[in-house]
Amino acid sequence: MTPKEQGYYFPAEFAKHSATWLSWPHKEESWPGKIESIYPVYAEFIKRLAEGEKVNINILNESLKQRAVSYLQSAEANLAQIDFFFHPTNDAWCRDHGPAFLINPIEKKKMIVDWGYNAWGGKYPPFDLDDVIPTLIANQLNIPVVYPGIVMEGGSVEFNGRGTLLTTKACLLNPNRNPHLNQAQIEEYLFSYYGVTNILWLGDGIVGDDTDGHIDDLTRFVNEDTVVTIVESNKQDENYELLQENFKMLHTLRLENGKQMNIVELPMPSAVFYEDMRLPASYANFYIGNKYVIVPTFRDKNDDRALDILQGCFSDRKVIGLDSTDIIWGLGSFHCLSQQEPVV
């Protein structure tokens with residue numbers, strides 16, 4: 001029987017967490033010449049998460065753990081809320097290689113889906129350590145794990161917790177993931193292994209996104225019937241047309257109950273570059289913790305506006321911005337770095 005047939009589903013991120021999972025950054029090639037600069041902000045991110053929930057960190061070894069602890073102490077994080085697990089990883093992007101936690105609310109049980117992981121179409125080998133992280137965590141927590149046998153990344157899917165899943169054709173239909181599957185076949189996996197009933201497809205992701213268009217840089221659920229979606233106001237910007245296209249498409253889509261979504265527009269920051277390469281800077285890459293919504297900021301004129309808009313979407317949580325100017329050099333931000341474990 002599939003997880004869905006057994007009564008399991010993937011809750012929305014805004015549902016209560018028992019923990020957030022992270023993989024401590026250590027791959028210098030992901031932040032060329034800059035990895036040391038990300039740790040103070042990363043430690044601040046963990047400190048804020050730990051104010052509302054447990055933080056579980058996959059880490060390479062004892063010596064890296066000691067370095068991590070020193071950064072966390074400098075940030076005055078509550079170490080009693082933070083646990084380390086010696087699960088070696090290739091990279092830090094736990095949203096994509098981490099566990100997809102399903103819950104069965106009637107039986108009060110959890111399950112982990114261990115999707116295949118190939119570093120966004122084989123772009124950044126090796127990825128063998130990242131690929132087994134969900135099973136290591138399932139073994140650690142002594143909960144069942146299932147293997148769909150296809151490639152899927154957590155940043156490519158977004159949920160309202162009521163049966164609707166939002167994704168992009170640019171990513172999920174890319175031949176570098178599951179070339180043997182068509183759209184209908186991929187949908188069957190999404191229904192069966194995420195426990196959803198309604199799948200909505202958008203088009204392309206933002207320029208500079210090396211994941212081939214993850215939804216978590218584009219459009220996010222902030223409650224069961226409302227999304228925030230990024231729009232570009234500068235008609236000369238290369239993101240303008242594709243974001244307009246996605247914006248129009250959102251208006252044609254319907255939720256699992258047949259209703260149209262409430263759509264809140266979120267601005268884009270000005271273009272951020274690294275050595276002439278455009279980086280995927282987006283305010284949509286926020287993470288919804290139990291206490292805070294943590295939003296990447298970019299020392300940009302639109303930072304405060306984006307934070308104000310998001311605060312208007314979350315009456316039960318404080319929205320805070322953390323400077324992601326260095327972290328985004330790794331081509332991802334706070335949402336890409338984290339994966340929630342829900343309360344059952």
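Since every read-out is calculated from the coordinates, none of them should be taken as a lab result. All of these numbers come straight from a predicted model, not from anything done at the bench. FYI the Cβ positions are ideal-geometry reconstructions off the backbone, even for glycines, and counts take in every protein chain you see.
Laid out as a table, the results:
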item	result
Number of the condition not met by Met111 [criteria: (1) in contact with a Leu (Cβ under 6 Å, 6 or more places away or on another chain); (2) free of Cβ contacts under 8 Å to residues at least 24 places away in the same chain; (3) aliphatic (A, V, I, L, M)]	(2)
Single condition Arg299 does not satisfy, out of (1) surrounded by fewer than 24 Cβ atoms within 10 Å (Cβ to Cβ); (2) assigned to a loop (DSSP other than H, G, I, E, B); (3) in contact with a helix residue (DSSP H, G or I) (Cβ under 8 Å, 6 or more places away or on another chain)	(3)
Tabulated pairs, the stretch 131-155, first surrounded by fewer than 20 Cβ atoms within 10 Å (Cβ to Cβ), second of a type in the set (Val, Ile, Thr) and in a helix (DSSP H, G or I), C-beta under 9 angstrom, 6+ apart or interchain	Ile143/Ile137; Val145/Thr135; Val145/Ile137; Tyr147/Thr135; Ile150/Ile186
Complete set of residues in the stretch 62-71 that are under 14 Å from Ile38 (Cβ atoms) and not hydroxyl-bearing (Ser, Thr, Tyr)	Arg67, Ala68
Given (1) touching a strand residue (DSSP E or B) at 6+ places or on another chain (Cβ under 9 Å); (2) outside any strand (DSSP E or B); (3) touching a residue at least 60 places away in the same chain (Cβ under 8 Å); (4) not hydrophobic (A, V, I, L, M, F, W, C), index of the condition Arg220 fails	(2)
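Table: residues versus (1) in a strand (DSSP E or B); (2) of a type in the set (D, E, K, R); (3) in contact (Cβ under 8 Å) with a residue 24 or more places away in the chain.
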{"site": "Ser192", "(1), (2), (3)": "no, no, yes"}
{"site": "Val196", "(1), (2), (3)": "no, no, yes"}
{"site": "Gly205", "(1), (2), (3)": "no, no, yes"}
{"site": "Gly208", "(1), (2), (3)": "no, no, yes"}
{"site": "Asp212", "(1), (2), (3)": "no, yes, yes"}
{"site": "Lys235", "(1), (2), (3)": "no, yes, no"}
{"site": "Asn246", "(1), (2), (3)": "no, no, yes"}
